[in-house]
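> Attaching a single structure in structure tokens format; questions to follow.
The values are calculated or read from the model by the stated rules, or taken from the named source; none is laboratory data. Quick caveat: nothing in here was measured; it's all calculated off a predicted structure. Every residue, glycine among them, receives a Cβ derived from its backbone with ideal geometry; neighbour counts consider all protein chains shown. We work out accessible area using only protein heavy atoms, side chains counted, and drop any ligands, DNA or RNA first. Shrake-Rupley method; radii C 1.70, N 1.55, O 1.52, S 1.80 Å.
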Amino acid sequence: MAQAHRGADELQLAVQLVAMTVVWAGGYPDIIPTAGEIWPRPQEVKQGHTSMVVDPLDFRFVVTDYDCDILQQALERYLKIIANYPSNVQPQGDGKGGNLKSCLNSVQVSLVSACEEYPHQGMEESYEIKVNSSGIRSNAIIASQSIWGILRGLESFSQLLVPVGSVYTLASTTIKDYPRFCYRGLMIDTARHYIPVRRIEEMLDLLAMNKFNVLHWHLVDDQSFPYQSEKFPDLSDKGSYSKAHIYTAKDIADVIEYARVRGIRIIPEFDTPEHMKSWGPGQPNLLTPCYADDKPDGTYGPIDPTNEQNYEFLKSFLTEVDSRFPDNHIHLGGDAALAGSKCWRSNPNITKFMEKLGISEKYNKLRALYTKRLFDIVWELPNTDGFLVWEEVFDRGIDLPDNVIVQVWILHYLDVWKRSLQQITSVGFQTIMSSCWYLSDTIGHNWRRYYACDPRDFEGTPEQKELVLGGEACVWGEHVDATNIIPTAWPNACAVGERLWSSTEHTSDPEDAAPRLEEHRCRLLRRGYGVSPIFSSYCDADTSF
């Protein structure tokens, strides 16, 4: 990016524009957007009484300690973000300039430990920011023990900048920040509707801008199988909507890399034994044939747990998945427990198999037998040492290993999730909560409802609550595709992001959050993302969409 000094007249104009605020009007006259507030709110923020000018054409980051490719790419991204704010904001106020007397033209970036290659469970994400105004030139530093903390700090610094015409104002600020929860995720569904890679990457941008650190990728389901396997190409050739609606090995690698340099883990989900209809055309004898009147009726149910070859297939397939996804966790699904038992019940081979084992009519035990075999396969994978399951796997009493993570999702509106969390943590299992955060269930302005939900708001001991690693917003694909996934998810997911990152001490009131979220929504819009409004209002960049 070109570097140039602006003239004295332009600097003086910047001083005169210090009173500028975000243009806003609407049906909530008592809610005025903030300026320069960070979303999600940091744990500790102290602002001084002095401010300074930041000229994007005369600004740079200076690396003072460790360096790596992730850091260099991040600095390049944030220089572009800082340079690309629109200059169509008009000055307001008396134009006297207040106490704005200095300018900031560089920020030190201090990474005090060598970079890790991939984000991971429990990674260090804390950071500090210090911005001081002293004399004509000011100074600032972003510091962290880890590259992941530097990424979070860069995002926060970029949000401190308040656009004023073609420059910014920045208040003297000290921040000490860290996440409340180590797992802050969002799930996308690419089976019911195919989501192009470019749109997934935009979702990853927005995740990073809201300090999420997990993308749970629900890749396949009954409707389609878009994941292209090298070992089993017929799965996508015959199970996807078309050969144009698949994710190649390169697509997968590109998404993983895009996420990696933004400090976001990619956790793939391959759901079994239900939700597998799209697997069947490409893998003969995988699914259970359903019977009617003592003969096959042409339909298929869950995976056939009596076929030994199916376990060999799963071992080979999941070994390939393990080699493509570097994260040491995989999601094994397991929801819709016993939904396919009618098909199992109709099949004479399944009946004979269960009679032989002495479990006749006990289809929950048949499912447990299958799940145990699946767990054994996963434990042999070289790069995987943990996995997630939907809560039905726990509810059915299936034996689970100690380090499984149970994802709770059922019945948010009756607060059943609170009982589920209490039960799961009472026997020592880790969990994440999604029940309150199904973003695609009701399209519209539901951020207040999402904001009100706390994953640790249940009856339990402090030790139990520590087992809640965080939570995950879910965007299911029944009514969501590339055309509307961003406005469906955002800024509703922003509310989830603050709940998972910030202290409840300072983020419990949605009325306090509203003006800050409005500023953040306008910020995301200025950066080029078509996020939805949260109430009647407008932002400077509305005309871009």
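> From the list Asp271, Asp251, pick out the single residue that is under 27 Å from Met203 (Cα atoms), among the charged types (D, E, K, R) and assigned to a loop (DSSP other than H, G, I, E, B).
From the options Asp271, Asp251, the qualifying one is Asp271.
> Might you check whether a residue that is assigned to a strand (DSSP E or B) and among the small types (Gly, Ala, Ser) occurs anywhere in segment 392-410?
There is no residue in segment 392-410 that is assigned to a strand (DSSP E or B) and among the small types (Gly, Ala, Ser).
> Could you grab me the full set of residues in segment 349-386 that are of a type in the set (Ser, Thr, Tyr) and without any contact (Cβ under 8 Å) to a residue 24 or more places away in the chain?
Once the filter is applied, which keeps residues that are of a type in the set (Ser, Thr, Tyr) and without any contact (Cβ under 8 Å) to a residue 24 or more places away in the chain, segment 349-386 yields Thr351, Ser360.
> Let me ask something additional. Name the strands (runs of 3 or more DSSP E) wholly within segment 134-200 that hold at least 2 residues that are open to solvent by less than 10 Å² (accessible area, probe 1.4 Å) and modelled with pLDDT of 95 or more?
Result: 139-144, 167-177, 183-189.
> Let me ask something else. Within segment 280-332, considering only strands (runs of 3 or more DSSP E) that don't extend past its boundaries, which have at least 3 residues that are within 30 Å of the chain's Cα centre (by Cα)?
Output list reads 329-331.
> Give me the residue from segment 485-512 that is in contact (Cβ under 8 Å) with a residue 24 or more places away in the chain and of a type in the set (Gly, Ala, Ser) and, out of that set, surrounded by the fewest Cβ atoms within 10 Å (Cβ to Cβ).
So, considering only residues that are in contact (Cβ under 8 Å) with a residue 24 or more places away in the chain and of a type in the set (Gly, Ala, Ser), the one surrounded by the fewest Cβ atoms within 10 Å (Cβ to Cβ) is Ser503.
> Filter segment 217-231 for residues that are open to solvent by 40 Å² or more (accessible area, probe 1.4 Å) and closer than 21 Å to Pro326 by Cβ and give the result.
Within segment 217-231, Gln228, Glu230, Lys231 qualify.
> Mind counting the residues in segment 491-545 that are assigned to a helix (DSSP H, G or I), under 18 Å from the mean Cα position of the chain (by Cα) and among the small types (Gly, Ala, Ser)?
3
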